[in-house]
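Participant: For reference, the structure I am asking about is given below.
Values in this text are rule-based calculations from the coordinates and carry no lab data. Just so it is clear, the structure is predicted and the values come from calculations on it, not from any experiment. All Cβ positions, glycine included, derive from the backbone under ideal geometry; neighbour counts span all protein chains shown.
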Amino acid sequence: MKTVFIDGQYGTVGLTITRKLQSRQDIQLLEIPEERRKDVATRKEYINGADVVIFCLPDDAERESISIVKNPNTKVISTSTVFRIAEGWTYGLAELCSRQRESIKVSKRITNPGCYPTGFILALRPLVLAHIVPFDYPICSYAITGYSGGGKQMIEEFESVEPGRRAEISCRPKNLLLAHKHLPEMQKYTDLAFTPNFVPIVGNFYKGMLVFIPLVGRFFPKRIALNDIHEILSTYYQDEKFIKVVSLEETGKIGDGFLSPLGANDTNLVEIFIFGNEERRMVVARLDNLEKGAAGNAIQNMNLMLGYEESLGL
């Protein structure tokens, strides 16, 4: 039986992973006794004694904790932003390309993608690789997510607000200096020549996410119909069980209605929609920011690293 230790199991992502792994019969989840949680020697013992360690810590704390790993056989999954574009680390998005799944299986250092980049990359990368969207296209994107993505502090802020202030926090754009920490991975893994403009928005709901990528047809090298965009994405992901490219017929029924950010909640699924007309198009990714955007994807990577069926427990 394989052993797994979660360093940071009481954070939002760590708790989600713990909950999903506790019922598994094929792994042993190692947990430090409450009275020894802050003991450095104990943490070192658990980290180096596990087959897989999943780090669910803030960036600075994770840098320090990774340095504790001395056992060459211990496999590591990092959920922070620290190693997303670092040499020697494998980007843990199995659906990225045909080679990525095998790279994850043999790697001992996996960096889990961010929730925003997961939707952004999966929606855009195939179109750039197919030369539909030019690599130097001036990409602008925005996204709305549930407040759980901000961790315990943001969860407490949203859930403790007085009823009279709820409208004030119903929709909160952030990172308006356009220097979001996920930008490097968003650019690198879509093969874009320039950093995209990206604005995240936090909504007054616990979890769920929509990532929007508007595209203007006159900047394309040739005229491309919505059907063409749909076919490229559908072909790229035709064998992926966790990605659904929604049919144009189904998308058309949404029309000018409302697309809920909660539609993929409690799944490890990314749904991709194509909206628009001949001149103006928009690709939208919908996912659960705590599942495929964090904990679920980490478990998917763990399954691959341990040689288990990829969707086990998901």
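Participant: Read phi for every residue in region 113-124 and hand back ³J(HN,Hα) as whole Hz from Karplus 6.51 cos²θ - 1.76 cosθ + 1.60, θ = phi - 60°, with x for Gly and Pro.
Facilitator: Per residue, the Karplus-derived 3J(HN,Hα) values read x, x, 5, 4, x, 4, x, 4, 5, 5, 6, 9 Hz.
Participant: Same structure again: Cut-off is 10 Å between beta-carbons; in what order do E310, E162, E168 appear when sorted fewest neighbours first?
Facilitator: Listing E310, E162, E168 from fewest to most nearby Cβ atoms yields E162, E168, E310.
Participant: Continuing with the same structure: If you wrap region 67-202's Cα atoms in a convex hull and average its projection over all directions, what's the area in nm²?
Facilitator: Computing the convex hull of the Cα atoms and averaging its projections yields 10.4 nm².
Participant: Next question, about the same structure. How many angstrom lie between the C-alpha centres of region 37-73 and region 251-314?
Facilitator: Between the Cα centres of region 37-73 and region 251-314 lies a distance of 30 Å.
Participant: Here's a follow-up. For region 115-289, what proportion of DSSP beta bridges, expressed in % and rounded to the nearest 5, is antiparallel?
Facilitator: Roughly 70 percent of the DSSP beta bridges within region 115-289 come out antiparallel.
Participant: Kindly express, to the nearest 10 degrees and within the range 0 to 90, the angle between helix 296-306's C-alpha long axis and the longest C-alpha principal axis of the chain.
Facilitator: Helix 296-306 sits roughly 60 degrees off the main axis of the chain.
Participant: Given N residues in region 1-81, what is Rg(Cα) / (2.2 N^0.38 Å)?
Facilitator: My calculation over the Cα atoms of region 1-81 gives 1.01.
Participant: Another question, if that's okay. Given the Cα atoms of region 115-289, and with Rh set as the inverse mean 1/r over their pairs in the Kirkwood sense, what is Rg to Rh to two decimals?
Facilitator: Dividing the radius of gyration by the Kirkwood radius yields 0.98.
Participant: To continue, here is another question. Apply the Karplus curve 6.51 cos²θ - 1.76 cosθ + 1.60, θ = phi - 60°, to the phi angles in region 17-34 and return the couplings in whole Hz, x for Gly and Pro.
Facilitator: 5, 4, 4, 6, 8, 4, 8, 6, 9, 9, 9, 10, 8, 7, 10, 6, x, 3
Participant: Looking at region 216-314, which chymotrypsin sites (Phe, Trp or Tyr not before Pro) are in a loop (DSSP not H, G, I, E or B) and have at most 12 other Cβ atoms within 10 Å?
Facilitator: F258
Participant: Looking at the chain, what % of its DSSP beta bridges pair antiparallel, to the nearest 5?
Facilitator: DSSP beta bridges in the chain are roughly 45 percent antiparallel.
Participant: In terms of Cα to Cα distance under 30 Å, which lysines are near enough to K188, apart from those fewer than 8 places away along the same chain?
Facilitator: K70, K75, K105, K108, K152, K174, K207, K222, K241, K244, K292
Participant: In region 124-258, with Lys and Arg counted as +1 and Asp and Glu as -1 at Cβ, which of these residues, P126, M186, N175, has the Cα nearest the positive end of the dipole, that is, farthest along it?
Facilitator: Result: N175, furthest along the dipole toward the positive end.
Participant: Cβ neighbours within 10 Å, averaged per peptide: list 260-267, 17-24, 204-211 in order, most packed at the top.
Facilitator: With the highest mean Cβ count within 10 Å placed first, the list reads 204-211, 260-267, 17-24.
Participant: Also, quick follow-up: Which order, highest average first, do 75-81, 278-284 follow once you tally other Cβ atoms within 10 Å for each residue and take the mean per peptide?
Facilitator: Ranked from most to least packed, the peptides come out as 75-81, 278-284.
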